[in-house]
Amino acid sequence: MAFSCRAVSSNLRTLQNPSSPQSLPYTPLTSRFFTVKHAFTSLRSNSIPQKFTKASMAEITAPKYKGNVKVFDTEEDLAVSLAKYTADLSSKISQERDSFTVVISGGSLVKSLRKLVEAPYIDSVDWSKWRVFWVDERVVPKDHPDSNYLLAYTEFLSKIPIPAGNVYSINDALSAEGAADDYETCIKHLVKTQIIDQSKATGFPKFDLMLMGIGPDGHIASLFPGHPLVQEKEKWVCSIKDSPKPPPERISFSLPVINASANIALVVAGAGKATALRTALSDESNDVDVLPVQLVAPEGELSWFLDKEAASKL
């Protein structure tokens, strides 16, 4: 079967006016729930040059299956810690394998990656081994303001020395269904060629790191509360034409693909997400009104990066 997800040899182009791109490159192929343990940490690592930032952080002891939960005084502190976490994981996996597969979402998550393009991380990460994918995308042209690709390109990808052929975006010339099928075929090819690992337990692709935010309604990727797509068990990449949040046409990884990940970092900042976060981290269950974020349970490690505003209702 022919598909359009393939590597290209050109470098990512730096736009003179990122807000109005002419032609972007297309790469087809003390809480009632928790005990709080306060800590004042120096964010440093043996794998990163000894220039580091101190940040005030509290660790929340949540139920074990909820993962590792850290709360930072500010979003700035959160971004520093997220950069260290990502850089350390990149260093570890890059020493073991020829590729480090990273999946990102859109929205505020991209802003929180900003410290990775600064010293010491920009010079310590082996960007040539990074392979970047999207957990979901809006089916719009790449120069459209709603494009997750455009957001990531403008704020992150254009600032790091990653080969364009290592960035895998959807084919926005296709319909939502066609783009989802094409992206799934692309990922299956990369699994077959061992660029992406595969879960031995489920057979789904096992990405090294999935970086996601959550919505105020508790959605992840383009999996929204109450939507039938949340129940998809077979497909790797799904299409959606009736998204409750505009634009209506999107593609999204299915929940089994998300949960096959080796590492998931959920990054949540702002008071507007406090209610959804309280529900997500609560040990109380309600099968009727379960939020998609409550269903995140990776095969590997789950880490939460929260600022004080987001954690204000914990």
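The values are calculated or read from the model by the stated rules, or taken from the named source; none is laboratory data. Everything quoted here is computed from the prediction, not taken from an experiment. Heads up, the Cβs are rebuilt from the backbone with ideal geometry, glycines too, and the neighbour counts pull from every protein chain shown. Each accessible area value is taken on the protein alone, full model and side chains, heavy atoms only, with ligands, DNA and RNA left out. Shrake-Rupley method; radii C 1.70, N 1.55, O 1.52, S 1.80 Å.
Some values worked out for this structure:
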read-out	value
Environment charge at Glu155 (Cβ cut-off 14 Å; Lys +1, Arg +1, Asp -1, Glu -1)	+3
Anchor Lys235: lysines whose Cα lies under 18 Å away (excluding residues fewer than 8 positions away in-chain)	Lys188, Lys192, Lys200, Lys206
Coil-residue trypsin sites (Lys or Arg not before Pro) of the stretch 229-270, DSSP, other Cβ within 10 Å capped at 13	Lys233, Lys241
Solvent-accessible surface (1.4 angstrom probe) belonging to His189, in square angstrom, nearest 10	70
Cα shape, the stretch 141-195, gyration tensor, a/c 1.5 rule	oblate
Added length on full extension, which subtracts the Cα-Cα distance from 0.36 nm per residue, Asp73 to Asp217	49.5 nm
Sites Asp123 and Thr193 - FRET efficiency at Förster radius 45 Å, r taken between beta-carbons, to 0.05	0.95
Lysines whose Cα lies under 20 Å from that of Lys273, excluding same-chain neighbours fewer than 8 positions away	Lys66, Lys70, Lys111, Lys245, Lys308, Lys313
Accessible area (Å², per residue) of the stretch 149-295, counting only protein heavy atoms and a probe of 1.4 Å	38
